[in-house]
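Below: one structure, written as structure tokens.
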Amino acid sequence: MLVKAPRGTRDIFKPDSYLWQSIESTIREVSETFGVSEIRTPIFEHSELFLRGVGETTDIVNKEMYTFEDKGNRSLTLRPEGTAGVVRAFIEHKLYSDIQPTKLYYINNTFRYERPQAGRMREFTQYGVEVFGSGTPICDAEVISLAYEVLQKLGLKNIELKINSLGNSESRKVYNESLKKHLNENIDTLCTSCQKRYDKNPLRVLDCKEDSCKEVIDKAPSILDFLTDECKNHFSSVQNILNNIDIPFTIDPKIVRGLDYYTRTVFEFVSKDIGAQGTVCGGGRYDNLVENFGGPKVGAVGFAMGIERLILAIISEKGEYKYTPKKDIFIGYIGEKGLLRSQKLVFDLRKKGILAEGDTLGRSVKSQLKYADKIGAIYSVILGDEEVETNTASIKDMQEGTVMKMSLDEISKNLFLK
Ligand code: HAM
């Protein structure tokens with residue numbers, strides 16, 4: 001029986017692979033402009049890292065992790081998100097003793113055992129940014145502006161930024177009490193998962209998409225009414241800076257995010273075009289995580305974007321992606337001498353960085369020329385005995401239909417002045 005790719009995973013090849021490459025290069029360029037450099041961390045980490053980092057009451061830890069024992073009986077987990085690994089690396093390599101802030105980005109394949117649907121995969125790719133060493137609202141706005149700029153450079157217009165503040169532990173303690181009271185009054189209406197969440201992590205209920213819960217959530221008290229003065233000031237500074245740099249946003253007090261580490265500012269960029277899984281980017285501040293992992297007390301803020309969702313949004317805004325890179329030249333042949341000379345010329349041109357293609361299927365001349373046309377060759381030439389002996393050939397300009405005579409040495413020297 002044919003073995004297929006596991007559910008929730010996919011293969012990427014052309015033309016999509018070109019779209020991926022162009023998105024990745026936009027991401028890298030914009031990140032570098034913001035002074036953010038790349039970090040690469042392992043695909044798997046000790047499971048404990050995620051239990052402690054992401055939070056034991058989250059869906060990710062409870063239901064979605066790919067956890068396995070290795071041959072040395074260690075419990076390891078394929079990363080379900082990027083932040084915990086980067087925090088670990090930040091502490092392990094004492095990056096905090098370097099010039100601060102530390103600004104890092106990653107493009108990671110990431111794994112969650114979720115029910116696959118459009119925009120929800122079991123293996124997916126996150127572009128993430130983590131900035132350590134600053135607790136200021138300026139840093140929140142900088143990180144949000146980086147995400148915004150990447151989306152702009154990708155040409156995405158139909159995307160809305162929503163922000164909220166989850167306050168600090170003091171704000172949250174008072175809010176949790178009020179929220180619990182409200183949830184308790186409606187406990188029978190909540191779905192079974194939320195009835196469990198109610199006790200351990202009531203904030204999580206606000207994230208529930210079940211219809212029965214939605215009604216209760218709509219009437220829930222707003223966290224913004226419970227912020228301490230400091231948290232309120234922090235949140236309004238973030239808004240002032242965003243306004244000042246012309247980044248449009250709306251405030252959505254229902255945004256709580258699916259991970260436990262957030263403090264103060266949280267945000268999401270949501271596409272209006274790609275259905276239920278419309279959040280293309282999510283992030284926020286997490287001021288306690290580094291310290292909780294045994295590092296110094298430093299502020300931190302970051303986000304991650306799902307590249308598969310970005311692609312859905314790009315296709316929905318701009319249409320299906322079509323791209324085949326043009327080849328500079330096709331060099332075909334007739335006969336044994338022509339074959340050897342054409343292969344040498346192809347190799348010489350490739351060494352010079354010219355996209356040359358030859359025939360490797362033993363096609364007829366007619367089929368070779370058809371192939372040259374199909375691959376979008378700009379020039380084509382066929383080498384036979386005569387061309388090899390006279391060291392000269394007729395080069396056809398495939399677009400113009402014109403032909404020019406040229407010595408074979410000249411092709412590599414003058415035809416492509418790169
Ligand atoms: P998250 O909201 O869990 O946050 O994921 C971030 C983004 O990853 C989502 O907005 C979505 O675009 C994408 N994503 C998540 N799950 C899937 C999936 N199953 N299939 C496809 N795409 C998905 C985090 O992971 C945090 N670590 C973000 C962060 C970084 N916060 C601070 N720093």
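Scanning segment 123-160 for residues that are over 23 Å from I39 (Cα atoms) and under 17 Å from the mean Cα position of the chain (by Cα) yields Q152, G155, L156, I159.
Quick one: would you say T58 is within 13 Å of the ligand (Cβ to nearest atom) and β-branched (V, I, T)? So T58 fits the description; yes. Taken over segment 157-179, the criterion of being over 30 Å from P248 (Cα atoms) and surrounded by 15 or more Cβ atoms within 10 Å (Cβ to Cβ) is satisfied by V174, S178. Residues that are surrounded by fewer than 17 Cβ atoms within 10 Å (Cβ to Cβ) and either among the acidic types (D, E) or touching a strand residue (DSSP E or B) at 6+ places or on another chain (Cβ under 9 Å) (or both) within segment 224-238 comprise D225, D229, E230, K232, listed in sequence order.
The one condition from (1) buried (at least 21 other Cβ atoms within 10 Å of the Cβ); (2) touching a strand residue (DSSP E or B) at 6+ places or on another chain (Cβ under 6 Å); (3) not acidic (D, E) that T279 does not meet is (1).
Applying a threshold of 6 Å to beta carbon distances and a minimum spacing of six or more residues, or different chains, the list of pairs starting in segment 158-169 at a residue that is farther than 13 Å from T265 by Cα and ending at one that is small (G, A, S) and surrounded by 23 or more Cβ atoms within 10 Å (Cβ to Cβ) reads I159/S271.
For segment 253-275, a tally of residues being buried (at least 16 other Cβ atoms within 10 Å of the Cβ), under 25 Å from S193 (Cα atoms) and more than 10 Å from the ligand (Cβ to nearest atom) returns 5.
Exactly one residue among D218, D246 is more than 21 Å from the chain's Cα centre (by Cα), at positive phi and either among the charged types (D, E, K, R) or surrounded by 16 or more Cβ atoms within 10 Å (Cβ to Cβ) (or both), and that residue is D246. Restricting segment 342-370 to residues that are of a type in the set (D, E, K, R) and in contact (Cβ under 8 Å) with a residue 40 or more places away in the chain leaves a set whose member that is nearest to Y18 (Cα to Cα) is K352.
Screening segment 80-194 for helices (runs of 4 or more DSSP H) wholly inside it with 2 or more residues that are modelled with pLDDT of 95 or more and of a type in the set (A, V, I, L, M, F, W, C) returns the ranges 83-92, 137-153.
Applying the condition of being part of a helix (DSSP H, G or I) and touching a strand residue (DSSP E or B) at 6+ places or on another chain (Cβ under 8 Å) to segment 311-336 and asking which residue is surrounded by the fewest Cβ atoms within 10 Å (Cβ to Cβ) yields S316.
A search for C-beta distances below 8 Å between a residue of segment 324-341 that is closer than 21 Å to G384 by Cβ and any residue that is aromatic (F, W, Y), counting only pairs 6+ apart in sequence or on different chains, returns I329/Y379; I329/F416; F330/Y371; F330/Y379; L339/Y333; R341/Y333. Would you be able to say whether some residue in segment 232-249 is within 14 Å of the ligand (Cβ to nearest atom) and in contact (Cβ under 8 Å) with a residue 12 or more places away in the chain? Scanning segment 232-249 turns up no residue that is within 14 Å of the ligand (Cβ to nearest atom) and in contact (Cβ under 8 Å) with a residue 12 or more places away in the chain. Among the residues of segment 33-65, those that are of a type in the set (A, V, I, L, M), over 18 Å from F303 (Cα atoms) and in a helix (DSSP H, G or I) comprise L49, L51, V61. Determine, yes or no, whether T228 is in contact with an Asp or Glu (Cβ under 6 Å, 6 or more places away or on another chain), away from the ligand (no atom under 15 Å from the Cβ) and not charged (D, E, K, R). So T228 passes the test. Residue by residue through segment 8-59, note down the ones that are free of Cβ contacts under 8 Å to residues at least 12 places away in the same chain and hydrophobic (A, V, I, L, M, F, W, C). Residues satisfying the conditions are I12, F13, L51. Report the residue count in segment 337-374 for those that are surrounded by 15 or more Cβ atoms within 10 Å (Cβ to Cβ) and not in a helix (DSSP H, G or I). Within segment 337-374, residues that are surrounded by 15 or more Cβ atoms within 10 Å (Cβ to Cβ) and not in a helix (DSSP H, G or I) number 6.
Filtering segment 68-91 down to residues that are more than 23 Å from the chain's Cα centre (by Cα) and surrounded by 15 or more Cβ atoms within 10 Å (Cβ to Cβ), which residue is nearest to the ligand (Cβ to nearest atom)? Here the residue is I91.
The values are calculated or read from the model by the stated rules, or taken from the named source; none is laboratory data. This structure is a prediction, so every number in the text was calculated from the model and none was measured. When we count neighbours, we look across all protein chains shown, and the Cβ atoms used for this are built from the backbone with ideal geometry, even at glycine.
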